[in-house]
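Working notes, structure below.
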Amino acid sequence: MNPVFLRIGDFTIAWYGVLMTAGIVIGAIIAQKFAAKRGLNERLMSDLLFWAIIWGIIGARIGFILTSFSVFKNASFFDYINIRQGGLAVHGAVIAGILVGVYYTWRYKINFYRYGDLFAPMLGLGIIGGRLGNIMNGADTVGRPTNSIFGFRWPDWATAFHTSMCNKDAAENLAEYCPNGIVTQPVHFTQLYGVIIGIIMVLLGYLWLRSRKPGYVFWQAILWYSILRAGWEETFRLNPLWVKVYEGPGKFDVGFFTATQLFSIPLIVVCIFMLWRISKQPDQPHPIETEQSETPSSVPAGVA
């Protein structure tokens with residue numbers, strides 16, 4: 001795979017950034033259309049989307065740095081801020097997005113959930129774009145070696161993958177499977193697992209948006225992304241185990257618990273609690289439905 005989308009002299013734009021940005025932008029457009037359809041403040045929604053994306057990227061980068069200390073042992077300041085080659089943690093983006101929502105709730109006295117619920121398709125589309133970018137980068141979010149039927153052998157021409165994974169000095173590598181600089185061992189195709197998770201999140205997001213309970217979609221999206229990421233994708237990723245509870249059946253096939261898995265546990269508990277609280281609340285019509293119900297259905301006789 002060639003991770004570079006565009007090269008102008010020494011300046012390059014990576015596929016990762018292009019594809020992830022495309023997913024987020026498409027998701028933002030969809031959220032804006034839903035806001036208009038529901039009678040929400042469209043200008044406020046635009047501002048909220050803008051700042052949620054900006055701080056979401058910052059939060060995602062901080063989250064990645066905090067959970068990937070080994071990657072930044074001898075890093076420069078530019079290495080910390082360079083996201084063009086990957087290195088974003090979705091849970092960090094979610095936490096930053098929640099903080100933006102808390103600020104908007106305080107500043108504008110809004111029901112944040114009415115707006116935050118509309119972020120669900122954007123979350124899924126951003127995940128799809130990011131994981132497709134990971135596939136183009138090759139070296140990002142690599143899976144553990146496996147001899148199961150799910151094993152994927154990266155083609156010899158995927159130089160970015162082989163160069164990175166055959167580097168025995170890298171924090172996480174497959175150097176022991178690298179005769180002549182080529183990884184010959186099949187691995188879990190975790191980047192594709194991530195794409196599938198993103199697709200699932202988009203489809204579920206549209207189903208959840210039928211709800212009339214503000215906050216239901218917001219917490220469902222965080223809950224199921226956490227479950228799918230920690231229980232499926234992360235289990236098979238070649239990530240360091242912060243608390244080594246299990247690693248097997250081979251040396252690398254599955255592993256518990258990575259940083260993401262550990263952080264997901266309390267987040268899942270919070271989501272379940274919040275969904276329980278929301279389930280106790282009555283349905284609430286969207287603002288546009290309230291306006292329509294207050295508008296006379298007919299014009300009285302004699303009134304022009």
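The values are calculated or read from the model by the stated rules, or taken from the named source; none is laboratory data. Nothing here was measured: the structure is a model prediction, and the numbers come from that model. Quick reminder, even Gly has a Cβ in these numbers, built from the backbone with ideal geometry, and neighbours come from all protein chains shown.
If you go through segment 190-202 one residue at a time, do you hit one that is in a loop (DSSP other than H, G, I, E, B) and buried (at least 17 other Cβ atoms within 10 Å of the Cβ)? No, the conditions are met nowhere in segment 190-202. In segment 27-36, the count of residues that are polar (S, T, N, Q) and at pLDDT 90 or above is one or more. Is it fair to say GLY27 is surrounded by 21 or more Cβ atoms within 10 Å (Cβ to Cβ) and not hydroxyl-bearing (Ser, Thr, Tyr)? In short, yes. Selection over segment 2-44 of residues that are part of a helix (DSSP H, G or I) and more than 24 Å from ALA89 (Cα to Cα) gives a count of 10. Take the conditions assigned to a loop (DSSP other than H, G, I, E, B) and at pLDDT below 95 and apply them to ASN173. Does it pass? So ASN173 fits the description; yes. Going by the conditions given, is GLU172 of a type in the set (Asp, Glu) and touching a residue at least 12 places away in the same chain (Cβ under 8 Å)? Yes. Only residues that are free of Cβ contacts under 8 Å to residues at least 24 places away in the same chain and either assigned to a helix (DSSP H, G or I) or not small (Gly, Ala, Ser) (or both) were counted in segment 243-269, giving 11. Among the residues of segment 181-193, are any under 30 Å from PRO285 (Cβ atoms) and at pLDDT 95 or above? Looking for residues that are under 30 Å from PRO285 (Cβ atoms) and at pLDDT 95 or above, one finds none in segment 181-193, hence no. Checked against the criterion of being buried (at least 19 other Cβ atoms within 10 Å of the Cβ), among the hydrophobic types (A, V, I, L, M, F, W, C) and closer than 16 Å to ILE222 by Cα, the candidates MET136, MET122, MET165 yield just one match: MET122. Within this structure, VAL187 passes the test of being among the aliphatic types (A, V, I, L, M), touching a residue at least 24 places away in the same chain (Cβ under 8 Å), closer than 20 Å to LEU228 by Cα and buried (at least 21 other Cβ atoms within 10 Å of the Cβ).
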